[in-house]
Amino acid sequence: MNMTTEDIGAYIAAAGAKAWDVEGLDPATPHRAIKTVGIIGAGTMGGGIAMNFATAGFDVKIVEQKQEALDRGLAVVRGNYQRSSDKGRFPQDEVEARMDRFHGCLAISDLADCDLVIEAVFENMDLKKTIFTELGQVMKPGAILATNTSALNIDEIAPLTGRAQDVIGLHFFSPANVMKLLEIVRAKDTADDVVATSMALAKTINKIATLVGVCPGFVGNRILFARQIQANKLVYKGVLPWDVDAALNAFGFKMGPFQMSDLAGLDIGWSKGATTDNPIRDRLCEMDRRGQKTKAGFYDYDENRRPVPSDVTTGIISEITGAEPTQMSADDILKACIHPMINEAVKILEENKAQRPSDIDVVWLNGYGWPPDTGGPMLYGDMVGAAAVLDTMERLGADDPAFAPAKTLQDLAASGGKFTEINTGGLKV
């Protein structure tokens with residue numbers, strides 16, 4: 001399908017506008033009053049989330065277990081605001097006004113009177129269950145209880161509060177004070193007024209919101225996981241990480257999978273001596289090659305943090321995989337990495353975990369740097385055609401059943417239908 005730049009721009013604008021429309025939610029649904037916000041965790045994520053609310057004029061209580069961690073988190077927030085002021089974005093007295101809206105706390109019970117509380121701690125189910133059990137006991141009636149989990153099952157967490165109707169996912173993207181996307185995750189028992197309030201609040205704090213359902217990784221990360229798995233499979237076939245990244249960079253992504261891993265830190269979810277399902281990553285971490293922060297990961301980094309292909313990594317890959325370094329065309333790399341994203345998006349729609357195909361494009365355009373000239377995974381799927389995607393997925397699915405073509409993909413290929421017009425009944429919980 002051929003589209004002009006104007007066509008793509010119009011599609012993106014319409015998709016962004018449509019994302020705010022919650023199917024089946026009465027527009028007259030009353031909103032809960034949100035004046036004070038509590039944030040649990042003052043790390044990179046919690047501090048970044050808190051900044052959105054303080055910037056928008058809300059009073060923010062932020063909780064850490066120890067004073068030292070609280071002081072460190074608030075110092076990072078102040079530093080972020082100060083840099084913006086130094087660049088002329090707002091005057092110095094605005095830095096002080098925003099910081100005055102922050103109130104540091106050392107106990108979750110100090111948040112009892114907040115209208116909204118957002119948990120932003122380490123991605124560990126037991127920890128989150130402990131926190132939400134306490135929130136159910138201490139928070140005032142009617143408070144919205146939100147988790148910033150990026151992948152965990154909110155339907156497992158919500159019942160522990162004794163008020164599952166008040167629980168919702170507010171998945172911010174890092175750095176949370178910069179990234180525009182907010183995935184609002186509707187759980188099984190989330191009340192309509194909690195959904196309506198959260199959507200309105202997203203606008204107030206200048207985010208672009210999409211309403212999604214509970215599944216591993218929700219919409220954005222679930223599709224990202226599919227791409228990452230296939231990128232790793234290419235490496236096991238002898239394709240080098242920088243060749244995979246270069247193909248995705250040429251497509252328009254600022255960062256490919258391995259550049260992204262190095263930026264985030266290879267030791268996320270890894271601890272010393274651990275053996276995971278990614279032995280290449282394990283070996284790199286054991287050698288203290290943990291990404292940009294240690295000046296070495298998949299890549300070596302010079303003093304300006306510029307990535308340089310690494311002979312060390314090449315050796316490790318060869319040793320672990322037994323594969324000889326091999327060349328693959330950029331086009332074949334793209335098919336192997338991007339067609340599975342489209343297929344996973346179709347599965348998400350089949351499972352009714354997104355409202356509509358265009359919402360998936362909104363997620364990827366605003367949360368993951370999808371190049372706007374191809375409009376997102378669904379619109380790009382229409383550009384290449386369902387038959388081409390099916391061809392790739394039949395091949396990848398034969399190698400790994402987890403990547404078998406979605407039934408709807410097969411139907412589209414047979415009928416010549418469009419990904420952007422898939423209608424499987426919208427979001428259902």
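Key figures for this structure:
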{"read-out": "Relative contact order of region 1-152, defined on C-alpha pairs under 8 angstrom at six or more residues apart (%)", "value": "25"}
{"read-out": "Relative contact order computed over region 256-372 (Cα-Cα under 8 Å; 6+ residues apart), in percent", "value": "14"}
{"read-out": "Accessible area (Å², 1.4 Å probe, nearest 10) - residue 87", "value": "140"}
{"read-out": "Exposed GluC sites (Glu not before Pro) absent: longest stretch of the chain, with sites in DSSP loops and at most 15 other Cβ within 10 Å deemed exposed", "value": "124-302"}
{"read-out": "Neighbour-limited loop hits for trypsin sites (Lys or Arg not before Pro), region 282-315 (at most 13 other Cβ within 10 Å; DSSP other than H, G, I, E, B)", "value": "305"}
{"read-out": "Rounded to the nearest 20 debye, dipole of the chain from Cβ charges on Lys, Arg, Asp, Glu", "value": "580"}
{"read-out": "Residue (of 106, 80, 125) at the positive-pole extreme of region 67-130, dipole from beta-carbon charges", "value": "80"}
{"read-out": "Cα-centre dipole for region 51-98 with unit charges at Cβ (Lys and Arg positive, Asp and Glu negative), debye to 20", "value": "180"}
{"read-out": "Relative contact order computed over the chain (Cα-Cα under 8 Å; 6+ residues apart), in percent", "value": "15"}
{"read-out": "Cα gyration tensor, region 137-179 - rounded (a/c under 1.5), prolate or oblate", "value": "oblate"}
{"read-out": "Dipole of the chain, positive end: most advanced residue of 36, 197, 1 [Cβ charges, Cα centre]", "value": "36"}
{"read-out": "About the Cα centre, charge dipole magnitude for region 153-260 (Lys/Arg +1, Asp/Glu -1 at Cβ), debye", "value": "360"}
{"read-out": "Furthest towards positive pole of dipole, 368, 323, 90, structure part the chain, Cβ charges", "value": "90"}
{"read-out": "FRET efficiency estimate (nearest 0.05) - Cβ-Cβ, residue 271 to residue 350, R0 30 angstrom", "value": "0.25"}
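The values are calculated or read from the model by the stated rules, or taken from the named source; none is laboratory data. From a predicted model like this one, the values you see are computed outputs, not experimental measurements. Reconstructed Cβ throughout: ideal geometry from the backbone, glycine too, with neighbour counts over all protein chains shown. In case anyone asks, the SASA skips ligands and DNA or RNA and just uses the protein heavy atoms, side chains included. Shrake-Rupley method; radii C 1.70, N 1.55, O 1.52, S 1.80 Å.
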